[in-house]
1. Is there a quick way to get the dipole size of the stretch 6-207? I mean about its Cα centre, with the Cβ of Lys and Arg at +1 and of Asp and Glu at -1; what is the value in debye to the nearest 20?
2. Determine the calculated [θ] at 222 nm for the chain from helices alone, applying -39500 (n - 2.57) to every DSSP H run no shorter than 4 residues and normalising by the residue count; nearest 500 deg cm²/dmol.
3. To the nearest whole percent, what portion of all C-alpha pairs in the stretch 59-213 is separated by more than 27 angstrom?
4. Can you list which of the GluC sites (Glu not before Pro) found in the stretch 96-204 are DSSP loop residues with at most 16 other C-beta atoms within 10 Å?
5. Give the lysines whose C-alpha is closer than 23 Å to that of LYS138, dropping any in the same chain fewer than 8 places away, or say none.
6. Sort VAL65, VAL74 by Cβ crowding within 10 Å, fewest neighbours at the top.
7. Grab the Cα-Cα distance for LYS138 and ASP71, subtract it from 0.36 nm times how many residues apart they are, and report the gain in nm with one decimal.
Amino acid sequence: MLEACWDLVEGVCRGGSREEVEADLEVYLGLMREWNAFASLVSAGDAGARLEEHVWDSLSIAAYVAEACRDGGVWLDVGSGGGFPAIPVKAVLPDTPVRLVERSAKKVGFLRQTVARLGLEGVTIVQGAFPQAVGEGKIAVVTSRAIEDPERVGKALAGWLPEGATYLCQREQPPERLRGPMFHVEQLRDAWHTRELRRGSLWRIRRAGSHGGDVPRGTSA
């Protein structure tokens, strides 16, 4: 599964050998196939071999998540759905705390089953809507890959994103409300992009005045 990208993952991985990470990801994808008809985790077309592409796309943000959380804080994933990108990234960054916010009770059930089956620690799963269900604590980085309405979430983020926090936007274009002068928007073009392992574009968004970041290890083109 990871032949195409392990050289990019290895530098940031804190979760064991390639074989160990692949074993966890195989269990995860197996659970996803079992639950998909019940919980509508991915489209029918993606439920087969294309699940690997979702894994690669998820892992393409691991280095940026690690960089954002290096001084502490929590990774917040909004609308976690079937667990992309959180579960694959957590497999390689097991010590990074993550909070998953998801409205669907069925998908929350799947996420809880997956976290328990893989023995993942430092994962908080909250059923509810963003931003009401976020809770307290320092948020270092936000993702929202699985959301159905990016403009609605973008509008909420525009008023909520904390100073110093990073929003990693996995979309062809960032939400309109996050493209104004109050935000620094940077398109990330790296080896994942060059080798076409990322599904679409990746943008790093911060409030204007927040410190920028270097290109982390495991991403250089």
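A short reminder: the numbers here are calculations on the coordinates, not readings from a lab. If you're wondering where the values come from, they're calculated on a predicted model, not measured in any experiment. Reconstructed Cβ throughout: ideal geometry from the backbone, glycine too, with neighbour counts over all protein chains shown.
1. The dipole magnitude comes to about 660 debye.
2. Roughly -10500 deg cm²/dmol at 222 nm, from the helical runs in the chain.
3. Cα-Cα pairs in the stretch 59-213 separated by more than 27 Å: 16 percent.
4. Sites meeting the loop and neighbour criteria: GLU121, GLU136, GLU148, GLU163, GLU172, GLU196.
5. Output for LYS138: LYS90, LYS155.
6. VAL74, VAL65
7. That works out to 23.0 nm of additional length.
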